[in-house]
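The values are calculated or read from the model by the stated rules, or taken from the named source; none is laboratory data. The model shown is predicted, which means the values in this text are computed figures rather than measured ones. With ideal geometry, Cβ positions are generated from the backbone for all residues, glycine too; neighbour counts draw on all protein chains shown. Note: accessible area is taken over every heavy atom of the protein model, side chains too, but ligands, DNA and RNA are not part of it. Shrake-Rupley method; radii C 1.70, N 1.55, O 1.52, S 1.80 Å.
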Amino acid sequence: SHSLESATITVDSTAPVFKALAISGRQLTGEIVDGIGPIARIEVSIAGSDEWRPLAPKDGVFDEADETFDANIAALVPAGSHILAVRAYDLAGNVVIRDVQAK
């Protein structure tokens, strides 16, 4: 008789969560948290566009389950009122998207 015991496997099927998301002028700030793994990337797009632009975390490295960002998006968003979509992925590929209005 033989038996094998495997190591515990953790499956991350839960999307990250926005703890905060705000825009003041053309300064976009936020905090994204994931329950298990690190945040892998954050992107922004003008709603209705297929072009997503990357945003960097405040500390410069995507390595934690709780990441904050503070980005000047004046070069990405033209003058006027626009709805922006911000999305974040965790390392497992789960995604969350939230909208914010730039005036």
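Brief remarks on what is shown
- Boolean, GLU64 is open to solvent by 80 Å² or more (accessible area, probe 1.4 Å) and either modelled with pLDDT under 95 or closer than 19 Å to ASN94 by Cα (or both): yes
- Among the residues of segment 24-58, the one identified as touching a residue at least 60 places away in the same chain (Cβ under 8 Å) and open to solvent by 40 Å² or more (accessible area, probe 1.4 Å) is ARG26.
- Residues satisfying the stated conditions in segment 67-102, i.e. open to solvent by 80 Å² or more (accessible area, probe 1.4 Å) and either in contact with a His (Cβ under 7 Å, 6 or more places away or on another chain) or touching a residue at least 24 places away in the same chain (Cβ under 8 Å) (or both): ASN72, ILE83, LEU91, ARG98, ASP99, GLN101
- Leading residue by the ranking (nearest to LEU84 (Cα to Cα)) among those in segment 3-21 that are small (Gly, Ala, Ser) and out of contact with any Gly (no Cβ under 7 Å at 6 or more places or on another chain): ALA15
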